[in-house]
Each structure stands twice: as C-alpha cells, then as structure tokens.
Amino acid sequence: GLPPDWEVRHSQSKNLPYYFNSAEKISRWEPPAGTDTEKLKTYMAEYHSKAPVVEDRQPGKIRAAHLLVKHRDSRRPSSWRENQITRGKEEALEIIKAHERRIQSGEISLGQLALTESDCSSARKQGDLGYFGRNDMQKEFEDAAFALRPGEISGVVDTASGLHLIERLE
Ligand SMILES: N=C(N)NCCC[C@H](NC(=O)[C@@H]1CCC/C1=C\[C@H](COP(=O)(O)O)NC(=O)[C@@H](N)Cc1ccccc1)C(N)=O
C-alpha cells in the first residue's frame, strides 16, 4: 500500500520498521503521503509477525568482549594484572598489535587472550562485557562496537582507559 519506490525496512538498532524510498535514497519513520493506510495496516500486521527476531535481549543493545591494554596515561593505570602500570602508550600499542596479529592469524581467540592479557576486570569472563546500549561506554568504544557486525573484531580502539580490541558477540 505504499507509493512507488517506497518500501518498508527494519531498523536493527531501534527494532522498528521505517520507510525507505529506493529512488531518492531517503528514509523516514512515518509512512509517506499517498500510502493506503488500510493496506499498510494489514501488511504491517503480517510484517510484525515475521519481523526479524532482534538478536539482543532488549532492542538497541549489543553484547561485546574486549581486550584492554592500559598504559601510564590511562585514566586508571592499575589493573588486576599489574598494581601500577608504567608502560608508555607506544609500548601498549606494540603489545596490542601483537595480540591483534595472533587473533587475526587464528592462532588464539580474543576471549582466550583476554583471560590472561586484558587489563580489565572482564578478563576473567574472557573480556565479555555483557549487553550494553548507547551511552553506557566511552564514546570511542561505543562507536567502534556498534559499527561491528556480530562476530567481527575491531582494530585498535583508543579510549581514556587504554587501548582496546573489541569483538561484537551479539
Ligand atoms: N557494562 C557496563 N555498562 N559497565 C560500565 C562500563 C563503564 C564504561 N567503561 C568503558 O567505557 C570501558 C570500555 C569497556 C570497559 C571499560 C572500562 C573499564 C576498564 O577501564 P577503567 O575503568 O579501569 O579505565 N572496565 C569497566 O568499566 C568494567 N566495569 C567492565 C566490566 C567488567 C566486568 C564485567 C562487566 C563489565 C565507561 N563509561 O567508562
């Protein structure tokens, strides 16, 4: 029941349908003018019954694991691994790049490496941070994590906590 070139799409992050015009590449939350709302209602009723299952427990949340290497300029240069962290940021970068190479080569998983190498208390859970939404994590971390597809691993992400590798789990 939509005008030509319009289609209903699904916003994963908001778990809501939206309307997309493929010709003009515009999207909007409300149906475009000229929509046959009666037909749209029946379509949406069917749509909702087949709406893709949101992979997270609550809409808009994702689950990720990370491996954190802190350095002396970290906001809290201490961790369960090392009471006082004195390595410089350059050394931390070399360390996390070596971790990244081992993970990318398939030699070891991020979670396994996080268990012994991550300067975050989540190390004991293989870096698993559980579910989180927008505005929970520091901005650089949030933006990197939400840009990943499930199963994907980020490059090195720099936050006030230190240097991270992030794996989106869900
Ligand atoms: N699940 C949440 N919402 N927990 C609150 C996160 C607060 C958030 N944290 C961060 O952004 C970074 C990125 C991930 C971990 C992290 C920092 C630090 C390590 O850095 P540091 O603070 O010494 O500088 N680890 C944590 O916070 C841990 N509680 C994460 C965690 C540990 C065990 C189980 C679950 C979560 C922030 N807004 O500062």
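Please treat every number below as a calculation from the coordinates, not as lab data. Since the model is a prediction, treat every value here as computed from it, not as a measurement. Note that each Cβ is placed from the backbone with ideal geometry, even for glycine, and that neighbours are counted across all protein chains shown.
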In nm, what is the difference between 0.36 nm times the number of residues separating ALA98 and ASP158 and their Cα-Cα distance? 20.0 nm
Quick one: Cα centre-to-centre distance for the stretch 124-150 and the stretch 1-29, in angstrom? 27 Å
Relative to the Cα centre, what is the charge dipole magnitude of the chain, using +1 at the beta carbon of each Lys and Arg, -1 at the beta carbon of each Asp and Glu, and rounding to the nearest 20 debye? 400 debye
Please enumerate, by chain and number, the aspartates and glutamates with C-alpha under 20 Å from the C-alpha of LYS25, excluding those fewer than 8 residues away in the same chain. ASP5, GLU7
Sequence-distant residues sharing a close amide H with TYR18 (under 5 Å, placed H): ARG9, HIS10, SER11
In whole Hz, what ³J(HN,Hα) sequence does the stretch 122-137 give by Karplus (6.51, -1.76, 1.60; θ = phi - 60°), x for Gly and Pro? 6, 3, 5, 10, 6, x, 5, 9, x, 7, 8, x, 5, 6, 8, 9
Gaussian network model of the chain, Cα springs within a sub-10 Å range: biggest mean-square fluctuation belongs to which of ILE108, ILE26, ILE96? ILE26
Long-range HN-HN contacts of ARG81 with modeled amide H, under 5 Å: none
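For ASN83, what charge total do you get from the other residues with a beta carbon under 15 Å from its beta carbon, if Lys and Arg give +1 and Asp and Glu give -1?
Every neighbour counted, the sum reads +3.
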Find out how many positive minus negative residues lie around PRO31, taking Lys and Arg as positive, Asp and Glu as negative, among other residues whose Cβ is under 14 Å from that of PRO31. -1
